Structure formats: C-alpha cells, structure tokens
1. Can you tell me which residue is farthest from residue 228 (Cα to Cα) among those in the stretch 142-172 that are open to solvent by 30 Å² or more (accessible area, probe 1.4 Å) and within 15 Å of the chain's Cα centre (by Cα)?
2. Considering only residues of the stretch 46-67 that are of a type in the set (S, T, N, Q) and out of contact with any Asp or Glu (no Cβ under 7 Å at 6 or more places or on another chain), which is farthest from residue 26 (Cα to Cα)?
3. Look through the stretch 128-156, keep the residues that are over 14 Å from residue 205 (Cα atoms) and among the small types (Gly, Ala, Ser), and return whichever of them is modelled with the lowest pLDDT.
4. Filter the stretch 91-110 down to the residues that are open to solvent by less than 20 Å² (accessible area, probe 1.4 Å) and either assigned to a loop (DSSP other than H, G, I, E, B) or farther than 26 Å from residue 241 by Cβ (or both) and list them by number.
5. Is it true that residue 198 is farther than 18 Å from residue 151 by Cβ, among the hydrophobic types (A, V, I, L, M, F, W, C) and modelled with pLDDT of 95 or more?
6. What tally of residues in the stretch 173-184 results from selecting those that are surrounded by 17 or more Cβ atoms within 10 Å (Cβ to Cβ) and of a type in the set (D, E, K, R)?
7. Output the number of residues of the stretch 176-203 satisfying the condition of being in contact with a Lys or Arg (Cβ under 6 Å, 6 or more places away or on another chain) and either among the hydroxyl-bearing types (Ser, Thr, Tyr) or over 13 Å from residue 226 (Cα atoms) (or both).
8. For the stretch 48-87, which fully contained strands (runs of 3 or more DSSP E) count at least 1 residues that are β-branched (Val, Ile, Thr) and buried (at least 18 other Cβ atoms within 10 Å of the Cβ)?
Amino acid sequence: VKVCDFGSNGQAVSLTKEGDGVQLFLDGGAGGECSWTIRYQAAGEAALQYRVNGGEQRTLELPGAMTELSMTAYMEPGINAVELYFDAEAKEPVLVDSLRVETDGNRYRSYAAGNGIVEPMGNGCWNGLPQRESDRYAFSGRCVCHLEQPGHRITIPDVDGGENGGKVRIKIRYGNGGDKEHTVRLKTNGIWGDLVTLPPTGGVRMEDARTAESALELKPGRNRVVLMMNEQAETGICIDAVSVVPAE
C-alpha cells in the first residue's frame, strides 16, 4: 500500500479555482487496474479532473462532506504521474488530504534512489560527488544527483525477490542533461551484470525524466542491487528510482 499525502507537513491541499491542481508520482506495482482511495472534504457535491501519465482526462465525482472514495484506475508498471485538478464546472471547492494506491503486495515495486546507499558520499553541498537533492518531480521528493565519475554508485540493499525469485525487468528513472548517452553497470548480489544505456533526456532534473530498462535475475528474499557509473559524465547523471516490474 502506497500512501501519498498531498500537502507538505501533513497539511491538505485546497483546490478552489480553475487551474488549481496537484501532481504525484505513484508506484503502480506490476501495473494494470489498481485500487485508489482518495480522502477529501467538500461542503457539497463536487468533482475533480484526473489523468494518469498524461493520458485521457477523466472526471471524478465526489459526494459532499468529509469522506473517503474508492475507485480503480489503470497504471503502468513502475512509477506513474498522477494529476488531479479542480473541475472548473464544479461549484464546491475540494480539500484533498491523501491518495492511497493499493497493489497486490507482490515483489513488483519501486525503490527511491534517495533512500539507498550513495558512494562516495557528498558533504551536503555540491563538490563533484553524488548526493541527495530535493526535486518536486521525484518519486520520493528526493533524487541522487552528480553521478559523474566511473565508480560513482547507488546501492538498493533490500530489493524483494519474493518467495521464488526469478527473472524480472528493472526500470531506472533518470535524468541525463548531456548531449550523449551514458551507461551504468548493474550488480546484483555481488555479480556484475549488464550495462544499461541512459540516452539524453534534456535535463538532469526529474521534470525531464525518462526510464531505461534491463533484465534482472533475483533470488528469493532480500537482494542487493547496485547501479554504478561506467564512464565519465560531465553534466552528471541524476537517478530518481528503480522499479522492479514483470519480465514480460
């Protein structure tokens, strides 16, 4: 279960006029129809517009008063951009507290790079070493920036392989602001694997993020996955998250 609070510091967000909206980056797990529960408050019957990954805009009808409304929506495997906007034809403002996305609880999930182990460790300000930085378009609100030199790496120490392990795909959400592609090498449970190519995205921030994919073999239970820079990248690579998704 992934719970996303709309407001900072635990405060809800008020959507009161045309143009008001909020965007979240949510984990769709293995993808498909996912269960959403939105918690909100409205003085009377209200509505919001929503869309997933820039797709078709849809209307979400909201009964009045403080309540939770459950629905289903299609999501892609891995990280999805979900937008909610005030419905210009609605009469009532909406106070939105949170959106809960429920998946089936299997091994398919996303891991924030900002929660991983970053090596070598920066000192909290830019010094040519990789470090965590805030980014409103990142999955967890933070991403790892300034991956510039061969050997710079991120380790995700607790990737869940499920009961049986086996083949999966890994999706790396990243930014590459340079004018050429770069590569990172995968290491799983101490064994070096494939090189993953990261083409230019137009910027290192997550507003310009793209994803790159590779096959991965996981063992049952806990797995340790490393992404290591393979060559120098003068503009630096930014890594937001790693998603484990079905192999097919």
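The values are calculated or read from the model by the stated rules, or taken from the named source; none is laboratory data. No experiment lies behind these values; they were computed from the predicted model shown. Virtual Cβ from ideal backbone geometry, glycine too; neighbours counted across all protein chains shown. For the accessible areas, the whole protein counts, side chains as well, though only heavy atoms, and no ligand, DNA or RNA atoms are used. Shrake-Rupley method; radii C 1.70, N 1.55, O 1.52, S 1.80 Å.
1. Of everything passing the filter in the stretch 142-172, 142 is farthest from residue 228 (Cα to Cα).
2. 67
3. Here the residue is 128.
4. 94
5. So residue 198 fails the test.
6. Result for the stretch 173-184: 1.
7. Summing the residues that are in contact with a Lys or Arg (Cβ under 6 Å, 6 or more places away or on another chain) and either among the hydroxyl-bearing types (Ser, Thr, Tyr) or over 13 Å from residue 226 (Cα atoms) (or both) in the stretch 176-203 gives 1.
8. Details: elements: 58-62, 67-75, 79-86.
Correct list: 79-86.
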